[in-house]
1. If the Cβ limit is 7 Å and pairs must be 6+ apart or interchain, which residue in the stretch 62-77 that is assigned by TED's automatic domain parsing to the domain that holds Ala88 and under 21 Å from Asp51 (Cα atoms) pairs with which residue that is aromatic (Phe, Trp, Tyr) and not in a loop (DSSP other than H, G, I, E, B)?
2. Just to verify a result, which residue in the stretch 57-81, among those that are in contact with a helix residue (DSSP H, G or I) (Cβ under 8 Å, 6 or more places away or on another chain) and surrounded by 14 or more Cβ atoms within 10 Å (Cβ to Cβ), is nearest to Val24 (Cα to Cα)?
3. I want to confirm something. Restricting to the stretch 78-100 and keeping residues that are in a loop (DSSP other than H, G, I, E, B) and β-branched (Val, Ile, Thr), which single residue is modelled with the highest pLDDT?
4. Output the number of the condition that Val75 fails; it satisfies all remaining conditions of (1) farther than 28 Å from Ile5 by Cβ; (2) more than 13 Å from the chain's Cα centre (by Cα); (3) of a type in the set (A, V, I, L, M, F, W, C); (4) in a helix (DSSP H, G or I).
5. (1) outside the structural domain of Ile85 (by TED's automatic domain parsing); (2) without any contact (Cβ under 8 Å) to a residue 12 or more places away in the chain; (3) surrounded by fewer than 10 Cβ atoms within 10 Å (Cβ to Cβ): which one isn't true of Asp43, the others all being true?
6. In the stretch 66-81, what residues are touching a Phe, Trp or Tyr at 6+ places or on another chain (Cβ under 9 Å) and not β-branched (Val, Ile, Thr)?
7. Against the definition (over 22 Å from Val24 (Cα atoms), surrounded by fewer than 17 Cβ atoms within 10 Å (Cβ to Cβ) and at pLDDT below 85), how does Ser35 come out, yes or no?
Amino acid sequence: MVKFIPYLRFISQSLEERIHCYQVLDDSGRQIFSSNSIEVGEDIAVKMYTDMATLQVMDTAFYEAQRQGRISFYVTTTGEEAINIASAAALRLDDLVFPQVFPPPCIICICVCILD
């Protein structure tokens, strides 16, 4: 069984022990205050939520374009919007992104902000 912990640790202390699962919310959806999560303001939270909704719309459009043969390859982020947007939101404007399957959240979080 995987152990849930409120602090981030990537490397197991023992070869026999599984890597723990980092948890910031309890089973009721409330924040675990002993976690080392970062507080974000309401404006950033709303922006990230809007970006997740935008990503869903982009996924639908690009997936349909791929199915129609108008683009050759697209990987959707269905069910993974939060982790993709959160990862992209942590980037700075001068960070390098090596495109493979990650660019749509980066486009939404960084490029769209530049155009605003």
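1. Listed by first residue and then by second, the contacts come to Tyr74/Phe62; Tyr74/Tyr63; Thr76/Tyr63.
2. Let us first name the residues in the stretch 57-81 that are in contact with a helix residue (DSSP H, G or I) (Cβ under 8 Å, 6 or more places away or on another chain), namely 58-59, 62, 71-74, 76-78, 81.
Now restrict to residues that are surrounded by 14 or more Cβ atoms within 10 Å (Cβ to Cβ): 58-59, 62, 74, 76-77, 81.
Numbers: Met58: 28, Asp59: 27, Phe62: 32, Tyr74: 31, Thr76: 26, Thr77: 22, Glu81: 17 Å.
Ranking the candidates gives Glu81 first.
3. Start the filter on the stretch 78-100 by keeping residues that are in a loop (DSSP other than H, G, I, E, B), which leaves 78-80, 90-100.
Remaining after also requiring β-branched (Val, Ile, Thr): 78, 97.
On the way: Thr78: 84, Val97: 73.
Across the stretch 78-100, the extreme among qualifying residues is Thr78.
4. All conditions pass for Val75, except number (4).
5. Result: Asp43 passes all but (1).
6. Correct list: Gln66, Tyr74.
7. Details: over 22 Å from Val24 (Cα atoms): no; surrounded by fewer than 17 Cβ atoms within 10 Å (Cβ to Cβ): yes; at pLDDT below 85: yes.
When the stated conditions are applied, Ser35 does not pass them.
So that you can scan it fast, the table gives a plain yes or no per residue for (1) more than 15 Å from the chain's Cα centre (by Cα); (2) at pLDDT below 80; (3) not aliphatic (A, V, I, L, M):
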position	(1), (2), (3)
Met1	yes, yes, no
Ser12	yes, yes, yes
Ser28	yes, no, yes
Met52	no, no, no
Tyr63	yes, no, yes
Pro104	no, yes, yes
Asp116	yes, yes, yes
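The values are calculated or read from the model by the stated rules, or taken from the named source; none is laboratory data. This is a predicted model, so every value here is computed, not measured. Heads up, the Cβs are rebuilt from the backbone with ideal geometry, glycines too, and the neighbour counts pull from every protein chain shown.
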